[in-house]
Amino acid sequence: MKTRTRLSGVLLVALCLGVTASVSAGDAKPTPPVWKTLRPFKSQAEFDAYRRQVREAAKRNGLWWASMKLSHRGHPLLAQAEVPVPCDPTQENCVASEELDEVSVTGVRASSNASNSITNNQEAGVDEGDIVKAFDRFFVVLQHGRLFSVDTGSGAGQLRLVDRINAYQSSKVDSWIDEVLIFGDILLVTGYSYDVDASIVSMIRIDHEGGFHFLARYFIESNDYFSFENYASRIVDGKLVIYTPVDLTYVRADQELPLPRIRRWTAESGYSEWRPLFGISDVYRPIQSTFSPAMHVLSVCPIAASGAFKCASRGIVGPWDHEMYVAPNHAYLWLTANEDDVPYFDDRRKCERGVDPRNLRGIPSAAFRLDIARGSLTAVRTEGKPSNQFAFDDRGSHLWALVKRPPAECSMDNDDIAIDSESNDLVPMALARIPASAFSTSPPTFQPGDLYNVPAVADGWLQSQYAGNFLLYGTPQGASTAYYGGRWGDIYHAGQLAVVPLPMPESGRLMKLGHSIDRIERFGKHALVFGYPDVDDFAVSSISLRQNARLADTEIMPGAAESEGRSHAFNSVVTEDGAGLFGIPTVKLASVRGDDGWQTPSDINFVSADAQLNLTSADALTGRADRADSDYQCEVSCYDWYGNARPIFYRDRIFALTGQEVVEGALVSGRVTEIARVNLTDTPVLGL
């Protein structure tokens, strides 16, 4: 009788909320509420009722977080209401005296800076946050939470350190300053502070003498947004697109959860009052059943000439596991359920031999699409988990999405997945082609049969790249890839590069290379694949994509290892006939073995390619041991979280950022030779 009473209560709550609810046969354990349509919560009361129901469902299903005695301390949205952001001790004015949208910024040129882009962006027209940007003849370098201005001069060999400015609020506040973007002459520096539980956006203007002028700093309440393989901020058509998540499991069910807020600080007026970033009518109800929900916040903030920083934000409630991808017109968020959310998940049972994995249920997921210009939100339901932003490609009429899709209800033997791989640990892959017209507020469900089967690859850190009419992907396949992009002495063997022609993905095949697959990059109309042929060397292979994909050439870099794994660490310049030059940060293995040598400044290795993609070493611009000026001291963000090495091709000149130095080189007789160098810690021309 008690069980029937509980069941009736669960169904009554579900009916009142307008959600789909189910109860496992034989027990009365509820599943989390989920809605069939993508609509905002009608009220704060409905949102709070959802939170109470999902916590009860999680508790009765034995999830650890639902039984914890939680305090509001440490949760950004609750702690911030009582604990103010600390003042900058160097500033006397620390009062909340102005409204958020009254800030006045002068000197903003509202024009695109795309022609000056030196970042290895995934999408043309979408600028990603990086650690180095270009403005006029100046490089802006982000390091140690500071911006440094380097004048490249009017000709070769004229490097000068012009100015520097702190992008952080105070050395007494724990902050990580991660990315810098540029629009016109406005620099947007993004980061996160664990002391104040907020994402931070600092606005700094650069003038035509390379000098910096601080404008304003914004604090947006959130949990940490950082992702090793992705970037949290983009600029599209003069709009900052930023992702800030909020974990909903760290708030008691009986405690009202305020929505994220935003405030501003300027040197003249101090702090503004906290103001809501958005309202409950901008928070969308979950279309995925999840025991551990998060609120994923996508904000679009126009960078106006007036200096106003008003964000249009959407909160999406769903599972925590997420990947973001931003195209010129749309921002995508792919949310994947975890194992606890899937009632049929069972990896202990073996699948029947010979079964097509498309006929077996996978881990459910959903893809959300935000129209950047209009703010409308739509979605589709599907399956599988993308590895990073490079799993996606928006082709206008449709979205391609490469996902790992092992069956959820059983585990497959590798013999059922592929018979020509040297690896004993394979993962089934699938490619979704989602028509733009399928995205809807009544999200359709893509069935397993709607996904293309594409070659399985070894499980691991998946690398993928859409290049021309091909999708290329693969993994290190047995290589132990360290966090910072380098690796140690594991066994390496030939990599299997999956080559998938588009739009006929089922004719995909595996191409064997002489090295592992640790990085894939576009090179003009073709591609480059980097990896390790053995434990002592690094290698790059050129892949011709003229008609049928084929291996063109391989160049070995003896005694070297890649030192940075991020996409921005690679850069290239390519001529119309397909010839060009590219650079990649490396370290000499002999200098790093046996100690903490990965902190050694990288060399930037250059390789040239002719029109037939034959590769030739073009030497390197070498890194030197860090030498800090006696008056220079790092205060925050002292670990180079986003790396500290970049090859740079700008205005027909060659540069490298390596450690604390910017180096210029010149291509002489096929070799890149150093001609100038400047240290970022020296005293700037404009002083401090």
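Just so you know, all these numbers are worked out from the coordinates, no wet-lab data involved. Just so it is clear, the structure is predicted and the values come from calculations on it, not from any experiment. Every residue, glycine among them, receives a Cβ derived from its backbone with ideal geometry; neighbour counts consider all protein chains shown.
Name the residues whose placed amide hydrogens come within less than 5 Å of the amide hydrogen of residue 35, ignoring near sequence neighbours (fewer than 5 apart) on the same chain.
Those lying under 5 Å, H to H, from residue 35 are 20, 287, 288.
Which percentage, to the nearest 5, of the DSSP beta bridges contained in segment 321-459 is antiparallel? Mind dumping the intermediate values first?
Numbers: 37 of 39 bridges.
Given both bridge residues lie in segment 321-459, the antiparallel proportion sits at roughly 95 percent.
Applying the Karplus parametrisation 6.51 cos²θ - 1.76 cosθ + 1.60 with θ = phi - 60° to the phi angles of segment 653-664, what ³J(HN,Hα) value in whole Hz is obtained for each residue in order, glycine and proline being reported as x?
So the J values, rounded to whole Hz, are 10, 10, 9, 8, 9, 9, x, 9, 10, 9, 10, 10.
Could you run the Karplus curve 6.51 cos²θ - 1.76 cosθ + 1.60 with θ = phi - 60° over segment 119-127 and give me ³J(HN,Hα) per residue in whole Hz, x for Gly and Pro?
9, 6, 6, 6, 10, 5, x, 10, 8
Compute the distance in nm between two label points, each set 7 Å from the Cα along the Cα-to-Cβ direction, one at residue 124 and one at residue 459.
With each label placed 7 Å out from Cα toward Cβ, I get 4.0 nm.
List the residues whose amide H sits under 5 Å from the amide H of residue 426, counting only those 5 or more places along or on another chain, with H placed 1.01 Å from N in the peptide plane.
459
Using the Karplus equation 6.51 cos²θ - 1.76 cosθ + 1.60 (θ = phi - 60°), what ³J(HN,Hα) coupling, rounded to whole Hz, does each residue of segment 603-619 give in order, writing x for Gly and Pro?
7, 9, 7, 10, 9, 9, 9, 8, 5, 8, 6, 6, 9, 9, 4, 10, 6
If R0 is 35 Å, what FRET efficiency do you get for residue 195 and residue 534 from their C-beta distance, rounded to 0.05?
Working: r = 46 Å, r/R0 = 1.30.
The pair residue 195/residue 534 has a calculated efficiency of 0.15.
Order of 504, 429, 324 from fewest to most other C-beta atoms within 10 Å?
On the way: 504 10, 429 27, 324 24.
With the fewest neighbours first, 504, 429, 324 line up as 504, 324, 429.
Please compute the modelled spin-label separation between residue 669 and residue 622, points set 7 Å along Cα→Cβ, answer in nm with one decimal.
For residue 622 paired with residue 669, the spin-label model returns 1.8 nm.
Taking the beta-carbon count within 10 Å as an exposure proxy, list 35, 265 from fewest neighbours to most.
Details: 35 19, 265 24.
Least to most surrounded, the residues fall as 35, 265.
Tell me which of 623, 528, 648 sits at the most positive position along the dipole axis of segment 497-654, charges placed on C-beta atoms (Lys, Arg +1; Asp, Glu -1).
Among 623, 528, 648, the one farthest towards the positive end of the dipole of segment 497-654 is 528.
Compute the FRET efficiency between residue 65 and residue 342 as 1/(1 + (r/R0)^6), taking r as their Cβ-Cβ distance and R0 = 22 Å, and round to the nearest 0.05. Write down the numbers at each step before the final one.
Numbers: r = 17 Å, r/R0 = 0.79.
About 0.80, to the nearest 0.05.
Which residue, 402, 387, 436, has the largest displacement toward the positive end of the dipole of segment 321-459 when charges sit on each Cβ (Lys, Arg +1; Asp, Glu -1)?
My answer, from the dipole projection, is 436.
Checking the table 239/385; 36/239; 36/385 against a 25 Å threshold on Cα-Cα, which pairs fail? Working shown, then result.
Values: 239/385 28 Å; 36/239 31 Å; 36/385 21 Å.
Where the Cα-Cα span goes over 25 Å, the pairs concerned are 239/385; 36/239.
Please state the shape class of segment 321-459: rounded when a/c is under 1.5, otherwise prolate if a/b exceeds b/c and oblate if not, all from the C-alpha gyration tensor. Numbers along the way, then the final one.
Working: a/c = 2.29, a/b = 1.82, b/c = 1.26.
Prolate shape, in that a/c is at least 1.5 and a/b is the bigger ratio.
Residue 361 to residue 577: extension gain in nm, 0.36 nm per residue of separation minus the Cα-Cα distance? Working shown, then result.
Values: separation 216, 0.36 × 216 = 77.76 nm, distance 4.67 nm.
Gain on extension, residue 361 to residue 577, equals 73.1 nm.
Once amide H atoms are placed 1.01 Å from N in the peptide plane, what residues at a sequence separation of 5 or more from residue 297, or on another chain, have their amide H within under 5 Å of its amide H?
Those lying under 5 Å, H to H, from residue 297 are 244, 246, 316.
I need 655, 439 ordered by Cβ neighbour count within 10 Å, fewest first. Show your work: numbers first, answer last.
Numbers: 655 26, 439 22.
The order, fewest Cβ neighbours first, is 439, 655.
Separation between the residue 413 and residue 547 pseudo-spin-labels, each 7 Å from Cα along Cα→Cβ, expressed in nm?
4.1
How much length would be gained if the chain were fully extended between residue 683 and residue 610, taking 0.36 nm per residue of separation minus their Cα-Cα distance, in nm to one decimal? Please list the in-between numbers first.
On the way: separation 73, 0.36 × 73 = 26.28 nm, distance 4.18 nm.
This chain segment gains 22.1 nm when fully extended.
Between residue 45 and residue 207, what length comes free when the chain is fully extended (0.36 nm per residue of separation minus the Cα-Cα distance, one decimal in nm)?
53.4 nm
For the pair residue 398 and residue 652, what calculated FRET efficiency results from E = 1/(1 + (r/R0)^6), where r is the Cβ-Cβ distance and R0 = 35 Å, to the nearest 0.05?
Values: r = 38 Å, r/R0 = 1.08.
With a Förster radius of 35 Å, E is 0.40.
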